[in-house]
1. When Leu62 is evaluated against the numbered criteria (1) under 15 Å from Thr125 (Cβ atoms); (2) open to solvent by less than 40 Å² (accessible area, probe 1.4 Å); (3) not β-branched (Val, Ile, Thr), which criterion, by number, is the only one it fails?
2. Please determine, by comparing only the residues of the stretch 20-39 that are open to solvent by less than 80 Å² (accessible area, probe 1.4 Å) and free of Cβ contacts under 8 Å to residues at least 12 places away in the same chain, which one is nearest to the chain's Cα centre (by Cα).
3. When only residues in the stretch 111-134 that are open to solvent by 50 Å² or more (accessible area, probe 1.4 Å) and among the hydroxyl-bearing types (Ser, Thr, Tyr) count, which is modelled with the highest pLDDT?
4. If I go through the stretch 40-58 residue by residue, how many of them are in contact (Cβ under 8 Å) with a residue 60 or more places away in the chain and within 20 Å of Pro96 (Cβ to Cβ)?
Amino acid sequence: MASFDRQGLMRHLGARISHIAPGRVHITLPARPEVTQQNGYFHAGATSAIADSAGGYAAFTLFPEGADILTVEYKINLLAPAVGDHIEAVGTVLKPGRTLTVCQLEVYGVQGDGSRKLVARGQQTLIRVSATDV
């Protein structure tokens, strides 16, 4: 998605979209010192940022041409220290709407052998706006 490439924060973090389907987007963030906290775990800010973007792009996949999206609010619970070769945020649309869309957010710590552990879960509300309004 071209708009993802324009997101300075995602570029700065080193995040990339790894899967796109209608109503579902995965964003992957590789482990590196710049995205960790003092104990070496992925920082909650980085974890939350990719979760927010995954939900936003999941909703965006269902919108018509010329529409854009903004986050209204989100809540995330950090369930376990985020460790692994990378983390993967999964945004899934729960309730699409003409104005407001609600998404589920999940973040997994993924090891080199492919094993995954749920490290964060949340919910998000987004608002559809005209691309000319943003």
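1. (2)
2. Looking at residues that are open to solvent by less than 80 Å² (accessible area, probe 1.4 Å) and free of Cβ contacts under 8 Å to residues at least 12 places away in the same chain, I get Thr36.
3. Ser115
4. 4
The values are calculated or read from the model by the stated rules, or taken from the named source; none is laboratory data. Values in this document were obtained by computation on a predicted structure and should not be read as measured data. For neighbour counting, all protein chains shown are included, and Cβ atoms are generated from backbone atoms with ideal geometry for every residue, glycine included. Note: areas computed on protein heavy atoms with side chains; ligands, DNA, RNA excluded. Shrake-Rupley method; radii C 1.70, N 1.55, O 1.52, S 1.80 Å.
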